[in-house]
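The values are calculated or read from the model by the stated rules, or taken from the named source; none is laboratory data. As the structure is a computational prediction, the values presented were derived from the model and not from experiment. Reconstructed Cβ throughout: ideal geometry from the backbone, glycine too, with neighbour counts over all protein chains shown.
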Amino acid sequence: METVSVASTIDLEKQYLLQNYARFPVVLQRGKGVYVYDTSGKRYLDLISGIGVNSLGYAHPRITKVIREQAGRLMHTSNLYYHEYTGPLAERFCRLSGMDRAFFCNSGTEAIEAALKMAKAHGRKISPEKIELISLDNSFHGRTLGALSITGQESYRRDFEPLIPGVHFVKRNDITALEQLVSEKTAGIVLEMVQGEGGIYPLTEEYARKARELADRYNALLIFDEIQCGVGRTGTYFAYQQFEPAVMPDVTVTAKPMGCGIPIGVLAANEKAASSIGPGKHGTTFGGNPLACRVALEFFDVMEELMPQITSVGSYFRMKLTELSRKHSFIKEVRGAGLMIGVELEFPGKQVVLDCIAEGMLINCTHEVTLRMLPPYILTEQDVDRAITIFNRVFKKTKAPEVAAPAH
C-alpha cells in the first residue's frame, strides 16, 4: 500500500477546506476491532470511536457484509416510495424505546430540529403563546440554528445570534429552578439524560421525574436528547431506562451508534407528540435510505448479544480509573454510566490527550478539563487493562500547568 504523506494531507486541507476544526496531526487510514491505524502503520486503541459513532468498532464482519450486499442492491430510493427496511427498523426502534412512531433522518442535530418543530406545532395547537422552550445550562444539542438556540453554552451561540426566541435555560438537577421556569407558555422541555459534550454529567432520577410531572401539568412535550447517551451507550438501550420504572419522554432523539459509521438519526415519539406533525410538515431527502436502515437493523441484532458486556466492561473501566485517581491527586472525579465515561482533571487536559496519542491511544477532552471516552461497545476488559497501562504512563509524567503569580 502506498504511504500517504501526512504533511501533504494536512497542507491540502489547510488550503482548501473550511478551517472550522482543530484537528490533531494524525492521518488515519484503516481500522480493525477497537484499533485504528495511521498512514505509517502505527496502531491506536480508539476510546472515542468517532465521538461515539463507531459503536461496533472497525471492519465488523457482520456490518461489512451488510454494507457490501446492500451497496450492490439499493442504496437510496427517496421517501416517495417504500423499501423493505424502514418499517422493520421503525418497529424495532419503537419497541425498544417504548415510543409509538419513528422518523429517520441523517444526524442528531436533524433529529433535534424535528423535535423542536414537533414541540412548536404541539404548543401552537393549544395557544399562539405556547411556544417557549426550556433547556439546561451547559447543554449541547447540535450546530444548526435551532439546535444552537437550545444549547446552554454561550460560546457556541454568541456569533450566530439572534437565534430562536423564547428559550430559557435552567441549572441541571435544580428542581426548584425548573419548577419556577415551566409555565403555560412552555411548549417543550429538552433534556440530555447525560450531558456529553458538557462533561459527562448525568441527570438525577428525581430531576427527570419532576420534568415529566411538570410537562404533564402544563401539557408540554418532554424531549430527551439521547444523541450521545442513547442506544446502548449507558448499558440500557436508552438512558431514561436506567431508572425503575423508566421515566418516559414524549419524544426521544438519537443518532450516533446506530449506523456504525453510516449516517442515520432518529426521532421517536408517542402518539400525542407525533400527531402534531402531519403530511408536508417535515421531511428529509437522504433520511431512512435502504443502506442506513439495513445497517441499523444488523446493529440491533448484534446489540442483543453485546448489552451485558457494555454494563460489565463499563463498570470495570470506571473501577480501574477510580483506582488511578487514588494515585494521582489531580484527578478530581470519574463519572459516567456504561461505556460513557468522563475523567475530570484539575487543569486543562489537552496535553494529556496529546500524550495519549503519542502512546497509541485516542481520547478527547471536553469543557477543557474532562477527558471523554466513548469507546466501541465491543471493548473488553483486556482492552481496558491496556488503556489503564497507557493512562498510568501518561499520568506519571503529567504535571499541572504552573499558574503565574498575580501582579502587585
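Do any residues in segment 344-360 that are within 17 Å of residue 329 (Cβ to Cβ) have Cβ atoms under 7 Å from those of residues that are at pLDDT below 95 and of a type in the set (Val, Ile, Thr), where the two are at least six apart or on different chains, and which pairs are they?
Cβ pairs passing all conditions: 352/398.
For residue 329, which of the numbered conditions (1) part of a loop (DSSP other than H, G, I, E, B); (2) of a type outside the set (Phe, Trp, Tyr); (3) more than 26 Å from residue 394 (Cα to Cα) fails to hold?
(3)
Just checking, how many residues over segment 276-299 are aromatic (Phe, Trp, Tyr) and either modelled with pLDDT under 95 or surrounded by fewer than 19 Cβ atoms within 10 Å (Cβ to Cβ) (or both)?
1
When you scan segment 266-274, do you find a residue that is within 30 Å of residue 58 (Cα to Cα), part of a loop (DSSP other than H, G, I, E, B) and not β-branched (Val, Ile, Thr), even just one?
From segment 266-274, those within 30 Å of residue 58 (Cα to Cα) are 266-268; that's our starting set.
In the following step, the residues that additionally are part of a loop (DSSP other than H, G, I, E, B) were identified as none.
Looking through segment 266-274, none of the residues is within 30 Å of residue 58 (Cα to Cα), part of a loop (DSSP other than H, G, I, E, B) and not β-branched (Val, Ile, Thr).
Kindly indicate whether residue 133 is buried (at least 16 other Cβ atoms within 10 Å of the Cβ), part of a helix (DSSP H, G or I) and not hydroxyl-bearing (Ser, Thr, Tyr).
no
Taking the conditions exactly as written (modelled with pLDDT of 95 or more and within 25 Å of residue 256 (Cα to Cα)), does residue 378 satisfy them or not?
So residue 378 passes the test.
Tell me, which residue of segment 315-341 that is surrounded by fewer than 16 Cβ atoms within 10 Å (Cβ to Cβ) and of a type in the set (Lys, Arg) is farthest from residue 391 (Cα to Cα)?
Here the residue is 332.
Being touching a residue at least 24 places away in the same chain (Cβ under 8 Å), aliphatic (A, V, I, L, M), over 29 Å from residue 196 (Cα atoms) and surrounded by 13 or more Cβ atoms within 10 Å (Cβ to Cβ), is that true of even one residue in segment 75-84?
The answer is yes, given that some residue of segment 75-84 is touching a residue at least 24 places away in the same chain (Cβ under 8 Å), aliphatic (A, V, I, L, M), over 29 Å from residue 196 (Cα atoms) and surrounded by 13 or more Cβ atoms within 10 Å (Cβ to Cβ).
Residues checked against (1) over 17 Å from residue 51 (Cα atoms); (2) over 23 Å from the mean Cα position of the chain (by Cα); (3) surrounded by fewer than 21 Cβ atoms within 10 Å (Cβ to Cβ); (4) charged (D, E, K, R):
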position	(1), (2), (3), (4)
301	yes, no, yes, yes
304	yes, no, yes, yes
311	yes, no, yes, no
373	no, no, no, no
396	yes, yes, yes, yes
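Residue-wise test of (1) without any contact (Cβ under 8 Å) to a residue 24 or more places away in the chain; (2) β-branched (Val, Ile, Thr).
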site	(1), (2)
158	yes, no
163	yes, no
167	no, yes
178	no, no
184	no, no
188	no, no
191	no, no
195	no, no
198	no, no
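State which residue is surrounded by the fewest Cβ atoms within 10 Å (Cβ to Cβ) when the search covers only segment 165-200 and only residues that are among the acidic types (Asp, Glu) and closer than 27 Å to residue 373 by Cβ.
By that ranking, first place goes to 197.
Which of the residues belonging to segment 292-312 are of a type in the set (A, V, I, L, M) and touching a Phe, Trp or Tyr at 6+ places or on another chain (Cβ under 7 Å)?
297, 306, 310 - these are the residues of segment 292-312 that are of a type in the set (A, V, I, L, M) and touching a Phe, Trp or Tyr at 6+ places or on another chain (Cβ under 7 Å).
Which residues, counting only those in segment 174-199, are in a strand (DSSP E or B) and not aliphatic (A, V, I, L, M)?
Selection gives 186, 188, 192, 195.
Just to confirm my filter: which strands (runs of 3 or more DSSP E) fall fully inside segment 10-90 and include at least 2 residues that are more than 30 Å from residue 280 (Cβ to Cβ) and touching a Lys or Arg at 6+ places or on another chain (Cβ under 7 Å)?
Qualifying strands (runs of 3 or more DSSP E): 35-38.
Every residue in segment 203-231 that is over 12 Å from residue 189 (Cβ atoms) and polar (S, T, N, Q), please.
Passing the criteria: 204, 228.
Taking segment 342-354, which residues are surrounded by fewer than 19 Cβ atoms within 10 Å (Cβ to Cβ), closer than 12 Å to residue 399 by Cα and touching a strand residue (DSSP E or B) at 6+ places or on another chain (Cβ under 9 Å)?
346, 348
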